[in-house]
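Okay, so here's the structure we're looking at.
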Amino acid sequence: MLRLRRGRESRARVHPWIFEGDVAQVSDVEPGGAVTVVDAAGRFVGRGFYNPRPALCCRIATRVDEPLDAGFFRRRVEAALARRARGGEVPGLARLVWSEADGLPGLVVDRYGAVLVVQCLTLGMARARAEVAGALRSFLGPLPVASMDEATPARLEGFEPARGWLDEPGPETVIVEEGGVRLGVRPGTGQKTGLYLDQRENRARVGGLARGRQVLDAFSYTAGFACHALRAGAERALCIESSSEAVAGARENLALNGVAERAQITQANAFDELRRLARSRARFGLIVLDPPPFTRGRGAREAAARGYKEINLRAMRLLEPQGILATFSCSHHVSGEAFEEICRDAAVDSGMSLRVLEHLTQASDHPVLLTVPETHYLKGLLLEAV
Ligand code: SAH
C-alpha cells in the first residue's frame, strides 16, 4: 500500500507519476512489485508498479481496482493495438505501445514487419516482459520478440538492460517500407528500438519538399530523411552523423533505395561540420536538423538551449533563398514555445526572415495525453527563407 500525502491525490488521478515527495507511507511492496495507491484518507486512487530506487517511485497503471496480472496486460495491449488498427489491420511498421499514453507506463513496443521490439523502462515492466510478449503474441501471432532496453533508465531503476531475442531468435536484419522508402533495421542493435519511428510522418512530409533541391540531413542516423528526399527527386544529399554504426546503416539504406550515387555521408560532429560548410560557402535548398535531446536532466536546459541555437543559427546561414529548414527538438525539457523562441533568436542573429510553413510533431502512434505533458516531446518547425 502506498499512501499519498494530503493534497497530492488530484494530480495522481490524472497523471501516473508519483515521486518520493508525494508519498506519506509505503508498506508491503517489494521493488518492482504492484502497489495500491490511496489518498491521505485511505481512498483508492489506483494501482501501479513501485520502485524505491528512483525519485519517480511509482507509475500508476490502472485507476480501477484490478490486479496487474496477465489479464491486465492482455486488455491494455488489445486496446493499444485496436487504436493503431482503427478498424483494419494492425500496421506493419508502427509504435504499438507507447508507455503512459497507452496506459502501460514504462513500456514501449514497436513493430518492424514480422519482428516486435520491446523496451522496458522500469523494473516493474522488465519483470512483466514475458507477460507482455505473451499478450502481444496472442493477438499478432508467434512473432519473434527482441528486447532493446536503454542503459540509463535501467541503471536508474536497478535492473540489467536486456538486449537481443527474448526466446526464439528472429532475423538479423528486417527491411521495412516507409512511404515507398526501404529502411533496414537490425533488431536488438542501434539506437532507440532500431528506427526513430516518431519521425516517420515528418520524413515523408519533408522529403516531399525536396524535389530539385540540395539537401543537408544533419544528425542523420541511418539517413531516413535523406532517403526520402532523394527518392522524391532531390538533386543531392549530404548526411552528417557522428556514430559509425549509424553511418554504416545510412550507407546500406542509401544503397537499398538506389540513391547512393547522389548522396554523401560525412562522419563528424555536426557542430564542427556546419561551421566548416559555412566557411566553404556551401548552400542548401533543404536542411534537416534532428539532433539528440542534448540533455536528459533539467539542470542542463540552458546548455541544450545554447546547442539548439547554435545549430539553428548555422543552418539558417546555409539556406539558399526560398530554402527550407526542418528543425526539431526531442528534448522533454524544452517546450514547444521555448524551442520556437530559440529558433527566433537564431533567426535574429542570422538576419534571416523565415516563414513558418508548419508546426511538426511526433507520429500519431505516439499519442499525447493532455494531462501528461511529458508525452509530447517531439517539436518541429518547418521554416522557409523569405
Ligand atoms: N533523423 C534521424 C534521427 C536522428 S537521431 C532519423 O530520422 O532517423 C540523432 C542522431 O544524431 C543520432 O544518430 C546520433 O548518433 C547523432 N548525433 C548525436 N550527436 C551528434 C553530433 N554532435 N554530431 C553528429 N551527429 C550526432
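Residue separation times 0.36 nm, minus the C-alpha to C-alpha distance between LEU256 and ARG275: what's the value?
Values: separation 19, 0.36 × 19 = 6.84 nm, distance 3.06 nm.
Length gained, LEU256 through ARG275: 3.8 nm.
For the stretch 362-378 and the stretch 136-156, what is the separation of their Cα centres, given in Å?
21
For the stretch 70-165, which whole percent of the accessible surface, found with a 1.4 angstrom probe, sits on carbon and sulfur atoms?
Details: 1880 of 3530 Å².
Roughly 53 percent, rounded to a whole number.
What is the percent carbon and sulfur in the accessible area of the stretch 2-62, measuring with a 1.4 Å probe over the protein chains and ignoring ligands? Provide the component values of the computation, followed by the final result.
Values: 1310 of 2850 Å².
Here it works out to 46 percent.
Measure off, as a whole percent, the carbon and sulfur share of the 1.4 Å-probe accessible area of the stretch 167-300, all protein chains present. All intermediate terms of the calculation are to be shown ahead of the outcome.
Details: 2670 of 5880 Å².
Percent of accessible area from carbon and sulfur atoms in the stretch 167-300: 45.
What whole-number value in cubic angstrom gives the convex hull volume per residue for the C-alpha atoms of the chain? Before the final figure, lay out the partial values.
On the way: hull volume 52.8 nm³, N = 386.
Each residue corresponds to 137 Å³ of Cα convex hull volume.
Regarding the stretch 258-326, what whole-number volume in Å³ per residue does the convex hull of its Cα atoms give?
On the way: hull volume 8.1 nm³, N = 69.
Expressed per residue, the convex hull around the Cα atoms of the stretch 258-326 is 118 Å³.
Counting Lys and Arg as +1 and Asp and Glu as -1, each charge on the Cβ, what is the dipole of the chain about the Cα centre in debye, to the nearest 20?
Details: 51 positive and 47 negative charges, 128 e Å.
About 620 debye.
What FRET efficiency comes out for GLU30 versus ALA303 if R0 is 45 angstrom and r is the Cβ-Cβ distance? Round to the nearest 0.05.
Details: r = 38 Å, r/R0 = 0.84.
That gives a FRET efficiency of 0.75.
Quick check on the stretch 70-165: of the DSSP beta bridges with both residues there, what percent are antiparallel, nearest 5%? Don't jump to the answer; show the numbers that get you there.
Numbers: 14 of 17 bridges.
Rounded to the nearest five, the antiparallel share is 80 percent.
Loop only by DSSP, 11 or fewer other Cβ within 10 Å of the Cβ. Give me the trypsin sites (Lys or Arg not before Pro) in the stretch 83-126 that pass, ordered by residue number. Don't skip to the answer; put the middle values down first.
On the way: sites: ARG83, ARG84, ARG86, ARG95, ARG111; in loops: ARG86.
The qualifying sites are ARG86.
Just to be sure I understand: with springs between alpha-carbon atoms less than 10 Å apart, which residue in ILE240, ILE175, ILE60 has the highest mean-square fluctuation in the Gaussian network model of the chain?
ILE175
At q = 0.15, 0.20, 0.22 Å⁻¹, what is the log10 ratio I(q)/I(0) for the stretch 163-247, with the Debye formula run over Cα points and no solvent?
Those come out to -0.57, -0.91, -1.05, one per q.
In a Gaussian network model over the chain where Cα atoms closer than 10 Å are linked, find which of GLU241, GLU252, GLU302 has the largest mean-square fluctuation.
Highest fluctuation of the listed residues: GLU302.
Once the Cα gyration tensor of the stretch 2-62 is diagonalised, what are the square roots of 5 times its eigenvalues, in whole Å and ordered largest first, as equivalent ellipsoid semi-axes? The partial results should precede the final answer.
Numbers: eigenvalues 47, 25, 24 Å².
Computed over the stretch 2-62, the values are 15, 11, 11 Å.
Based on alpha-carbon centroids, what's the gap between the stretch 304-352 and the stretch 60-98 in Å, whole number please?
37
Leaving out ligands and nucleic acids, note down the accessible area per residue over the chain with a 1.4 angstrom probe, in whole Å². Mind showing how you got there, number by number?
Numbers: 16700 Å² over 386 residues.
With all protein chains present, the chain gives 43 Å² per residue.
So in the chain, what percent of DSSP beta bridges are antiparallel if you round to the nearest 5? Working shown, then result.
Values: 48 of 72 bridges.
Beta bridges within the chain, antiparallel portion: roughly 65 percent.
Of all beta bridges DSSP finds with both residues in the stretch 196-385, what is the antiparallel percent, to the nearest 5? Spell out each step's value before the answer.
Working: 14 of 33 bridges.
Once the DSSP bridges in the stretch 196-385 are tallied, antiparallel ones form about 40 percent.
Under the √(5λ) rule applied to the eigenvalues of the Cα gyration tensor, what semi-axes describe the equivalent ellipsoid of the stretch 267-386? Give them in Å, descending.
Values: eigenvalues 123, 54, 31 Å².
Those come to 25, 16, 12 Å.
Per residue, how much space in cubic angstrom lies within the convex hull of the C-alpha atoms of the stretch 346-386? Can you show the working numbers first?
On the way: hull volume 3.4 nm³, N = 41.
In the stretch 346-386, the Cα convex hull volume per residue is 84 Å³.
Can you give me the relative contact order of the chain as a percent, contacts being Cα pairs under 8 Å and 6 or more apart? Before the final figure, lay out the partial values.
Numbers: 828 pairs, mean separation 39.9, N = 386.
With pairs under 8 Å counted, the relative contact order is 10 percent.
The values are calculated or read from the model by the stated rules, or taken from the named source; none is laboratory data. For clarity, every value in this text was computed on a predicted model and none was experimentally measured. Positions of Cβ are backbone-derived with ideal geometry, glycine not excepted, and every protein chain shown enters the neighbour counts. Only protein heavy atoms, including side chains, enter the accessible area calculation; ligands, DNA and RNA are left aside. Shrake-Rupley method; radii C 1.70, N 1.55, O 1.52, S 1.80 Å.
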